[in-house]
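To keep things clear, I will list the structure first and then write my remarks on it.
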Amino acid sequence: MTDFFEHIDAYVNGQLNKDDRQNFEEEMARDTDLKKAVDNHSMVSEALELLIEEDIRSIVDQVQESQAKVIPLYKKRWFIFIAATFTILFGAYFGFRAYLESLYGHDQVYADYYEFPKNPYTTRSVEISSTTFERSMYLFDLRRFEESESLFQEILANNSSNDEKEIAALYLGNIYFLQQKYQQSLEYFEMTNDKRKYEVMAQIFYIQGDKEKLTNLNNVHTTDEIRLLIKNSNSWRYNLVK
Amino acid sequence: MDIISRVRKSIEDRNEVIRTLYQDQVIRNAVIGTLVKMGCSEADAKDHFTDSIVNFIKACYKPDFEIRSSLTNYLIGTAKNIWLKGVTKSKREGTTFNYPTAMTEPSIEIHLISSERKQLLHLLLNQLDQTCRKVLTLWAINKKMKDIATRMSYKSEGMARKKKHQCLRRLYALIDSNQQIKSELSEP
């Protein structure tokens, strides 16, 4: 045994054989430093344990630091910038689209093009109207569409004249157009030959974006309003939304 | 290779085990969740999760160490013991622990050094230079002289052995020359 300090641990833990143990104890008697080292062995062991522990903790600290440095994607500046740009562009596009849709929607078409059919019985009031037909027309003029609708339906169902039935169908077509029930409106317009139906049908096709039917309609019956609708349907804005 | 063998195999393998354990969300949630359910604060539970990993790695260096249950259960038990015994908390923080003994895991040994004793030991270790600290750390982890020589870029095993010897003697001398610290460390 050359370096007794190297064997302090083995001595303390009883791991030396008999001869080595004896040699060690003889050396301890001679060397006070060795004796002190044996006395302080437990503290040295604990200090070494602490060195091990801190070495391990340093690795954990590195892992913690690396986790802390990982910035979630949604917090990265470039990601935020791109996301914000896309959001603005999408918002602008859909906002613009919504604006255009309002230009070519029912309310705008109604405001720009629709005309109520003229009631020939203007001097009569509902109370003194003598026939269902007259009352239905006045109720329509008063914008009491539900009441006029039921009376017009009655006219179509009973033994009214063909002229009254044609007018009833025309008015029902108008009522359903105003209620934005376009399919029903077109069905009732099919039941009448009254030419006043064409402009409302054109407005329906225009709102629906059906340029083919609009063009075909123009070939059958043309008016300034229908030609204007066709012209407007050729604009890029109209085609963007329709 | 089982996890204990990997820790003992090399420092690199040990460090990888530490990273893997720390980043394992299942184990993490199990340990922290158990402590929180028992009344521990979440912040303390996270600290004790870290402590349980440190304790496990230290235990791996004991030659007769083995895990009888799953690693997760072992870490949960370790964290529980650390919390209940207040091992890593300073007594000066004013926390007293009257833990029911039955709640601890008797089979799990805690190898961590208490805060008070760490402070005292630091007073000694801070007087060692970084090279000595590193050499002694490697030697304490049971690294062979050849390995120490390679890691410390010494020319030979002999140089490593000589340096270790010098550093160890230095440490002994520091302890012996600091009677007050020695006296306080002598207290249980």
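Observations, loosely collected:
- Looking only at residues of segment B:39-58 that are touching a helix residue (DSSP H, G or I) at 6+ places or on another chain (Cβ under 8 Å) and of a type in the set (A, V, I, L, M, F, W, C), we find that the one that is surrounded by the fewest Cβ atoms within 10 Å (Cβ to Cβ) is B:Cys40.
- Positions within segment A:39-60 being farther than 19 Å from B:Ser115 by Cβ and either in contact with a His (Cβ under 7 Å, 6 or more places away or on another chain) or not polar (S, T, N, Q) (or both), in sequence order: A:Asp39, A:His41, A:Val44, A:Ile59
- Qualifying position, being away from chain A (no Cβ under 14 Å), modelled with pLDDT of 90 or more and in a helix (DSSP H, G or I), among B:Val36, B:Val7: B:Val36
- Candidate set: segment A:143-163, residues that are in contact (Cβ under 8 Å) with a residue 12 or more places away in the chain and within 41 Å of the chain's Cα centre (by Cα); chosen: the one least open to solvent (accessible area, probe 1.4 Å): A:Ser148
- Among the residues making up segment A:228-242, those that are more than 29 Å from the chain's Cα centre (by Cα) and surrounded by 12 or more Cβ atoms within 10 Å (Cβ to Cβ) are A:Leu228, A:Leu229, A:Ile230, A:Asn232.
- Any chance B:Leu84 is within 13 Å of chain A (Cβ to nearest Cβ) and either assigned to a loop (DSSP other than H, G, I, E, B) or buried (at least 16 other Cβ atoms within 10 Å of the Cβ) (or both): no
- Residue tally, condition in contact with a Lys or Arg (Cβ under 9 Å, 6 or more places away or on another chain) and either away from chain A (no Cβ under 11 Å) or not in a helix (DSSP H, G or I) (or both), over segment B:53-62: 1
- Candidates in segment A:25-84 are the residues that are of a type in the set (Gly, Ala, Ser) and open to solvent by less than 70 Å² (accessible area, probe 1.4 Å); of these, the one that is farthest from B:Ile18 (Cα to Cα) is A:Ala84.
- Restricting segment B:159-188 to residues that are more than 9 Å from chain A (Cβ to nearest Cβ) and under 22 Å from B:Glu116 (Cβ atoms), the residue that is modelled with the lowest pLDDT: B:Pro188
- Filtering segment A:85-123 to residues that are open to solvent by 70 Å² or more (accessible area, probe 1.4 Å) and under 23 Å from the mean Cα position of the chain (by Cα) leaves A:Phe86, A:Thr87, A:Ile88, A:Leu89, A:Phe90, A:Tyr93, A:Phe94, A:Phe96, A:Tyr99, A:Glu101.
- All positions within segment B:70-81 that are in contact with a helix residue (DSSP H, G or I) (Cβ under 8 Å, 6 or more places away or on another chain) and either under 18 Å from B:Val17 (Cβ atoms) or open to solvent by 50 Å² or more (accessible area, probe 1.4 Å) (or both): B:Leu71, B:Thr72, B:Tyr74, B:Leu75, B:Ile76, B:Thr78, B:Ala79
- Selection within segment B:65-81 - free of Cβ contacts under 8 Å to residues at least 12 places away in the same chain and either part of a loop (DSSP other than H, G, I, E, B) or aromatic (Phe, Trp, Tyr) (or both): B:Ser69, B:Ser70
- Selected residue (criterion: nearest to A:Leu50 (Cα to Cα)) from residues of segment B:129-158 that are more than 10 Å from every other protein chain (Cβ to nearest Cβ) and basic (Lys, Arg): B:Lys143
- Restricting the search to helices (runs of 4 or more DSSP H) fully inside segment A:165-225 and requiring at least 3 residues that are open to solvent by 20 Å² or more (accessible area, probe 1.4 Å) and of a type in the set (D, E, K, R) gives A:211-220.
- A Cβ distance below 6 Å, combined with a sequence gap of six or more or placement on separate chains, defines the contacts here; from segment A:219-242, residues that are assigned by TED's automatic domain parsing to the domain that holds A:Glu199 and of a type in the set (Asp, Glu) reach residues that are open to solvent by 40 Å² or more (accessible area, probe 1.4 Å) and assigned to a helix (DSSP H, G or I) in the pairs A:Glu225/A:Glu199.
- Candidate set: segment B:6-38, residues that are closer than 11 Å to A:Ile59 by Cβ and of a type in the set (Asp, Glu); chosen: the one surrounded by the most Cβ atoms within 10 Å (Cβ to Cβ): B:Glu16
- Meets criteria (of a type in the set (A, V, I, L, M), more than 49 Å from the chain's Cα centre (by Cα) and at pLDDT 90 or above) for A:Leu48: yes
- Those helices (runs of 4 or more DSSP H) of segment A:1-77 in which 3 or more residues are more than 13 Å from chain B (Cβ to nearest Cβ) and free of Cβ contacts under 8 Å to residues at least 24 places away in the same chain occupy A:18-30.
The values are calculated or read from the model by the stated rules, or taken from the named source; none is laboratory data. Not measured: the values here are computed from a predicted model. We place every Cβ from the backbone using ideal geometry, glycine too, and count neighbours over all the protein chains shown. Note: accessible area is taken over every heavy atom of the protein model, side chains too, but ligands, DNA and RNA are not part of it. Shrake-Rupley method; radii C 1.70, N 1.55, O 1.52, S 1.80 Å.
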